[in-house]
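Heads up, the thing below is written out as structure tokens.
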Amino acid sequence: MSEKKLDILSRRACAYILEHYMERDLDRSRIAAALGCSTRNLSRAFEGSGVKLHAYIRILRLHRGRELLLKRSHLSIEQIADRVHFSSARHFATRYKELFRLSPSEERKAICKRK
């Protein structure tokens, strides 16, 4: 597949993922099937962007989790982790801290102090 076609596929995949990232069963096979390509070509298209496919989905879900957290919602961190499809609150908190440099509980405390 040419670089141009891979670039187009990458953009189509991003658009599809943005529309479906909150669906629990979203994975590489489903995305490839929806776009009419092989999982290999889908992975190759993402390699060019510098972000792996699963990491892109995880980052989107973490941002959604942060939105839920910042709304000062009544949801526990465990509930937020479940809503954004992480296997556990611990896994969610670890990945959250990697991305945002604060744990979800630290971020929630910081929000409360600002009020």
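The values are calculated or read from the model by the stated rules, or taken from the named source; none is laboratory data. In this text, all values refer to a predicted model and were calculated from it rather than measured experimentally. With ideal geometry, Cβ positions are generated from the backbone for all residues, glycine too; neighbour counts draw on all protein chains shown.
Overview of results
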item: Test result for Ala93, under 17 Å from the mean Cα position of the chain (by Cα), surrounded by fewer than 18 Cβ atoms within 10 Å (Cβ to Cβ) and among the aliphatic types (A, V, I, L, M); result: no
item: Given (1) on the phi > 0 side of the Ramachandran plot; (2) surrounded by 13 or more Cβ atoms within 10 Å (Cβ to Cβ), index of the condition Pro104 fails; result: (1)
item: Residues that are polar (S, T, N, Q) and modelled with pLDDT of 95 or more, drawn from the range 30-46; result: Ser38, Thr39
item: Neighbours by Cβ (under 7 Å, 6+ apart or cross-chain): first from the range 72-85, over 20 Å from Ala110 (Cβ atoms); second part of a loop (DSSP other than H, G, I, E, B); result: His85/Arg24
item: Sole exception among (1) farther than 22 Å from Lys5 by Cβ; (2) more than 16 Å from the chain's Cα centre (by Cα); (3) at pLDDT 95 or above; (4) among the small types (Gly, Ala, Ser) for Ala110, by number; result: (3)
